[in-house]
Amino acid sequence: MTILVTGATGNVGRNVVDLLVQAGTDVRATSRDPESLDLPAEVDVRRADLTDPKTFEQALQGVDKVFLYTQPSAIGEIMAAAKSAGVKHVVLLSSLAVAGRDPGHWIARWHLAAEESIERSGLSWTFVRPGLFAANSLQWARSIKAGAPVRLHYARSYVSAIHERDIAEVSTCALLQDGHAGAKYHITGGDSITQAEQVALIGKAIGRDLAFDDITGDDVRVELRQRFEPRLQELIRSGVIEPAAAPEIIETRIRHYVEALEGPAEIDGTVEKVLGKPARTFAEWAVDHKADFTN
């Protein structure tokens, strides 16, 4: 059996590659720049671009299953090529935002468009819908290395951040085992803690007391506009959102922060149901990534 992995350099995709190789599976990986990939020698690397379905025609030949990174712009054509090539099953890395409180948000619409295209394709599928990635905390690494306070937006807001290894293990199970067709797996981390507690756990992992600044109100609004402006303009140019929607995206993010101050986020038990073990905690993630905050 040959499994094609897209997004093989990402936090999740690289872990999927490693898990499949460890399982003795023939793995093929795609990239727009295959020469830049640092993957195990036994991985068959091909050049392909998720925005250009023609580049997948050769990469899909002889492939039985696909791990797919969400890129809805050409997914219908890619699924048609996959079906023509004889692909049996697709596992999509989607997002819990699809089932969230704000289905009109661009992240939800982005992933839902991909899911709907796969459902229409007639192929067997599994949707893996993780919530917040613990790896998002890597954005704090520069401040921590510099000994500066970490700037947290609503530091006392609760999150349930999931370890990328758990996402990859659930995805790998869906690729290698029967019984996952048609499943929509909502997966979260093993605990729900505040962002301030996340910083403290990173500090514990690296052996330092870390400081943070609690940014709220209009200061958050200003910082989010500065941070997301390039991304929002890209989404407008690509037609994912209308220009008038950009300010609402910022306000939605702030609203979610404020709502998350009320108490711990819900912990979903899907990881344990699929893997037979609890989802990893943020403390475990911090230990696994301590080198990212020190080197």
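The values are calculated or read from the model by the stated rules, or taken from the named source; none is laboratory data. This one's a predicted model, so the numbers in the text were calculated from it and none came from an experiment. Virtual Cβ from ideal backbone geometry, glycine too; neighbours counted across all protein chains shown. Heavy atoms of the whole protein, side chains included, go into the accessibility calculation; ligands, DNA and RNA do not. Shrake-Rupley method; radii C 1.70, N 1.55, O 1.52, S 1.80 Å.
Filtered by the rule that a residue be over 15 Å from G269 (Cβ atoms) and part of a loop (DSSP other than H, G, I, E, B), segment 160-174 gives A161, H163. Based on what the data block shows, is I107 at pLDDT 95 or above, among the β-branched types (V, I, T) and in a helix (DSSP H, G or I)? In short, no. Among the residues of this structure, A113 does not count as one that is without any contact (Cβ under 8 Å) to a residue 12 or more places away in the chain and either over 22 Å from the mean Cα position of the chain (by Cα) or assigned to a helix (DSSP H, G or I) (or both). Of the residues making up segment 175-198, those that are open to solvent by less than 30 Å² (accessible area, probe 1.4 Å) and either in a helix (DSSP H, G or I) or at positive phi (or both) are L175, Q195, A196, Q198.
From the list S157, S117, which one is farther than 30 Å from D209 by Cβ and hydroxyl-bearing (S, T, Y)?
Step by step, each of S157, S117 is checked, and only S117 is farther than 30 Å from D209 by Cβ and hydroxyl-bearing (S, T, Y).
Only residues that are under 19 Å from the mean Cα position of the chain (by Cα) and under 13 Å from D191 (Cβ atoms) were counted in segment 236-271, giving 6. Residues satisfying the criterion are absent from segment 81-97 (criterion: touching a helix residue (DSSP H, G or I) at 6+ places or on another chain (Cβ under 8 Å), farther than 22 Å from P53 by Cα and of a type in the set (V, I, T)).
Table: residues versus (1) assigned to a helix (DSSP H, G or I); (2) under 19 Å from the mean Cα position of the chain (by Cα).
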{"position": "T55", "(1), (2)": "yes, no"}
{"position": "V63", "(1), (2)": "no, no"}
{"position": "A82", "(1), (2)": "yes, no"}
{"position": "L92", "(1), (2)": "no, yes"}
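Results for (1) of a type in the set (K, R); (2) touching a Leu at 6+ places or on another chain (Cβ under 7 Å), shown as yes or no for each residue.
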{"position": "L201", "(1), (2)": "no, no"}
{"position": "I206", "(1), (2)": "no, no"}
{"position": "D209", "(1), (2)": "no, no"}
{"position": "R231", "(1), (2)": "yes, no"}
{"position": "A244", "(1), (2)": "no, no"}
{"position": "R253", "(1), (2)": "yes, yes"}
{"position": "V258", "(1), (2)": "no, no"}
{"position": "T294", "(1), (2)": "no, no"}
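A Cβ distance below 8 Å, combined with a sequence gap of six or more or placement on separate chains, defines the contacts here; from segment 211-239, residues that are free of Cβ contacts under 8 Å to residues at least 12 places away in the same chain reach residues that are open to solvent by 70 Å² or more (accessible area, probe 1.4 Å) and not hydrophobic (A, V, I, L, M, F, W, C) in the pairs I236/E242; I236/P243.
Count of segment 27-37 residues, restricted to those that are surrounded by fewer than 16 Cβ atoms within 10 Å (Cβ to Cβ), more than 20 Å from the chain's Cα centre (by Cα) and either under 18 Å from L60 (Cα atoms) or modelled with pLDDT of 95 or more (or both), is 2. Within the option set D18, D102, being open to solvent by less than 60 Å² (accessible area, probe 1.4 Å), acidic (D, E) and in a helix (DSSP H, G or I) holds for one residue only, D18.
Looking only at segment 38-49, which residues are open to solvent by 20 Å² or more (accessible area, probe 1.4 Å), of a type outside the set (D, E) and assigned to a loop (DSSP other than H, G, I, E, B)? Outline the logic, then answer.
Of the residues in segment 38-49, the ones open to solvent by 20 Å² or more (accessible area, probe 1.4 Å) are 38-42, 44-47, 49.
Checking the rest, the ones that are also of a type outside the set (D, E) come to 39-41, 45-47.
Listed by number, the residues that qualify are L39, P40, A41.
Considered as a group, the residues in segment 56-71 that are surrounded by fewer than 17 Cβ atoms within 10 Å (Cβ to Cβ) and charged (D, E, K, R) include one that is modelled with the lowest pLDDT, and that residue is E57.
G7 meets each of the listed conditions (1) under 22 Å from the mean Cα position of the chain (by Cα); (2) not in a loop (DSSP other than H, G, I, E, B) apart from (2).
Filter segment 106-131 down to the residues that are hydrophobic (A, V, I, L, M, F, W, C) and in contact with a Pro (Cβ under 9 Å, 6 or more places away or on another chain), then identify the one that is least open to solvent (accessible area, probe 1.4 Å).
Keep residues of segment 106-131 that are hydrophobic (A, V, I, L, M, F, W, C), which gives 106-108, 110, 112-114, 118, 123, 125, 127-128.
From what's left, in contact with a Pro (Cβ under 9 Å, 6 or more places away or on another chain): 110, 112-114.
Details: W110: 44, L112: 62, A113: 39, A114: 0 Å².
Step by step, filter segment 106-131, then rank; the result is A114.
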